């Protein structure tokens, strides 16, 4: 069972905020986004878009959206790497390509930095990593 989903991405000064929001919403279709601004270095400002989902209806919608928008290559990649992406506390860490989310409206897994970061927290009893992995595969693949 999924307890919560956390997601965030960064808006660099050179990026169009509305396009980054569109990319974020392509992966995480929610109504309420949090946008914070931070100083990062040498007077450079960066915005961070984020959300935390705990309501079952929102979680179910986001999981369905991610599953539907992942292409076969991303699903195969996730299946191969799922043990490395999930920790002993039940957190599954995913990175989706921000540019592809905006231009192609797909959820492609990515290992780079220009991503939409998603953390899915699974709850299981007993709290064992193999249980979290089984649940993650059942829900996302």
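Since every read-out is calculated from the coordinates, none of them should be taken as a lab result. Just so it is clear, the model here is predicted, and its values are computed rather than measured. Don't worry about glycine lacking a Cβ; one is built from the backbone with ideal geometry, like all the others, and counts go over all protein chains shown.
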At what distance in angstrom do the alpha carbon centres of segment 1-64 and segment 75-104 lie from each other?
-> 16 Å
Modelled FRET efficiency - R0 35 Å, residue 17 with residue 138, Cβ distances, 0.05 increments = 0.45
Relative contact order for segment 2-140, counting Cα pairs under 8 Å that sit 6 or more residues apart, in percent | 32 percent
Note the listed values [x] 37, 36, 25; [y] 47, 28, 28; [z] 55, 34, 26, then indicate which one is Cα extents along the principal axes in Å calculated from this particular structure.
-> [y]
State whether segment 97-141 is rounded, prolate or oblate according to the following rule on the C-alpha gyration tensor (a ≥ b ≥ c being the square roots of its eigenvalues): a/c under 1.5 gives rounded; otherwise a/b larger than b/c gives prolate, and the remaining case gives oblate.
-> prolate
Taking a point 7 angstrom from the Cα of residue 63 along the C-beta vector, which residues in segment 92-126 have backbone N less than 12 Å away?
-> 120-124
If R0 is 22 Å, what FRET efficiency do you get for residue 34 and residue 76 from their C-beta distance, rounded to 0.05?
-> 0.10
Tilt relative to the chain, helix 17-27 - C-alpha long axis, 0 to 90 degrees, to 10 | 10 degrees
Tell me what the chain gives for mean residue ellipticity at 222 nm when only DSSP H runs of n ≥ 4 count, each as -39,500 (n - 2.57), the sum divided by the residue total, rounded to 500 deg cm²/dmol.
-> -12500 deg cm²/dmol
